[in-house]
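The values are calculated or read from the model by the stated rules, or taken from the named source; none is laboratory data. No experiment lies behind these values; they were computed from the predicted model shown. All Cβ positions, glycine included, derive from the backbone under ideal geometry; neighbour counts span all protein chains shown.
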Amino acid sequence: MSRTDPATWIATGLAVLTVIFLISIPVNALSYSHFNIAQVSDAFDYGKYIERWTDVYRPGESIKIYVAVEDVNRFRSAALDFVCIIKDPNGYVVSGEVKKVRELGYRDRFYEVFEFSIDDTWIDGKYTADIYVFDVLNETQTYKNYQDLYNEILYSGKFNPQVITSGRKTAPYLTDSISFYVNRDFDTRPPDTFLLFDSRLKASVLPVGVNNTLSVTLLNTYTEPQETSAFLLVDGKRISEKKVRLDGGKYTRLEFQVPPPPKGKHTISVSLESNRVRYMNDVLPIFVPPLLYDKPIEVGDYGNGSIIYSPNNYILGSAGISELKSPESVEKEIERIFKEDYSANRESAVRMFTNILAYLWESHDREGDIKMGLLRGSDGRAEIIFPYLIDLIKKEGKAPVVYEGIIDYGDLSRVDVVVYAGNTTPDMEKLESFVRDGGFLIVDDTSYWSDLKLSLIHI
């Protein structure tokens, strides 16, 4: 956990928590960790391409250079200039191109493919392609344009949202170079082989007992029809087999059903019977719960107190009751989980709450018992399970916690720590003086499981 400056958290005295939800807006979009370039023979989409089999070319061929960036959207806008400049072995510029992207919307991944024809004037030798990506979004003016749209529609009936840009000379940028060769005597025909690429899992995180699906593309670069067998491997062991016959130059999409693996981390891959195959993907990981609680916890000071925001659904997730609705089913599951000798989710929740309380007490030089309560208006299921968690925190973490039960806004003076478990924001106007005067507010966002399910399926 990290402590941040109070100004980051407090937009106004009554909007403490609102700022927490807004701090995810990026301030420096371009990052080399999200910058990728490659020589390709084909590109299908962002992150989906076939690398060229060789970096040697002959006159009459074309070189294709794939360039991609992500995490560049700010204020519902993106403005990028992709630039590629090619120099010959003697340092002379022989070609170049600029591609511009202007986006109104939330798309945050962009790629371009530069294609240059190599003619007879290109001499043999080593060439260099210098690639730049400029972030030319004028944030101030673009944001102002959005702010002006309301009155523009209201009073003139016009709707003209625009991406406002700045010049490349002052814009932040990323740059990298790749080398390739021109050789008139080199045989640049692709070797006869199979090519496996673009492997995708239907879900990278799975509940226990649920099947998964792996799909992968198989390309036959042979000129003649070929037959082979494709094998699904889970943790290195063959699980299933598919017989494949492909005409020359054709491809197919293979789909494998992955049986439910046990809890933990697993690897999934596809192999071919043929010895002549190129694999264009790394082994894919898959995770089976318990694997909750992977989002960062934010801690911010306000006055003499602190606000702790966790998007991890610790309370409901500790017993796996995030999707149970009836009180009877919730109580039954809680009783079962808390009678078990070990539950990873339960232990993770206990450990994290213990760490949070220890951090607060140490960082604020507090001593004595920790009087703690659950804020009225929290999720009703949290009211059932929270006393169980408190008992375990006291037993396993040896934390000096005194549980005061459900706390109304008017009774906040009874506790040192109040926990709110829900998928909305508590009434910060009523909590402001409590935190400012030295109280601690822990917000446990119960929408984690819904967010997780939405993120499991990706095309």
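The residue list D124, D120 contains one member that is surrounded by fewer than 13 Cβ atoms within 10 Å (Cβ to Cβ), touching a residue at least 60 places away in the same chain (Cβ under 8 Å) and more than 34 Å from the chain's Cα centre (by Cα), which is D120. I need the full set of residues from the stretch 423-440 which are of a type in the set (A, V, I, L, M) and either closer than 10 Å to N304 by Cβ or exposed (fewer than 14 other Cβ atoms within 10 Å of the Cβ) (or both), in order please. The answer is V435, and nothing else.
Kindly establish whether I384 is touching a Leu at 6+ places or on another chain (Cβ under 6 Å), surrounded by fewer than 21 Cβ atoms within 10 Å (Cβ to Cβ) and assigned by TED's automatic domain parsing to the domain that holds E429. For I384, the condition - touching a Leu at 6+ places or on another chain (Cβ under 6 Å), surrounded by fewer than 21 Cβ atoms within 10 Å (Cβ to Cβ) and assigned by TED's automatic domain parsing to the domain that holds E429 - is not met. A count restricted to the stretch 213-239 and to residues that are surrounded by fewer than 19 Cβ atoms within 10 Å (Cβ to Cβ) and hydrophobic (A, V, I, L, M, F, W, C) stands at 3. The residues listed here are R200, R253, R189, R278; of these, the one that is charged (D, E, K, R), modelled with pLDDT of 75 or more and either loosely packed, with under 13 Cβ neighbours inside 10 Å or not in a loop (DSSP other than H, G, I, E, B) (or both) is R253. Among the residues of the stretch 367-377, those identified as in contact with a helix residue (DSSP H, G or I) (Cβ under 8 Å, 6 or more places away or on another chain) and not in a strand (DSSP E or B) are E367, R376. Check whether at least one residue in the stretch 346-366 is among the acidic types (D, E), within 19 Å of G305 (Cα to Cα) and assigned to a helix (DSSP H, G or I), and report yes or no. Yes, the stretch 346-366 contains a residue that is among the acidic types (D, E), within 19 Å of G305 (Cα to Cα) and assigned to a helix (DSSP H, G or I).
Whether a residue is acidic (D, E), free of Cβ contacts under 8 Å to residues at least 40 places away in the same chain and surrounded by fewer than 19 Cβ atoms within 10 Å (Cβ to Cβ) was assessed, and D71 does not pass this test.
Step by step: first the residues of the stretch 383-410, then only those that are in a helix (DSSP H, G or I) and among the hydroxyl-bearing types (S, T, Y), then the one that is modelled with the lowest pLDDT. Which residue is that? Per the criteria, the residue is Y388.
Consider the stretch 203-248 and keep the residues that are among the acidic types (D, E) and in a strand (DSSP E or B). The one that is modelled with the lowest pLDDT is E227.
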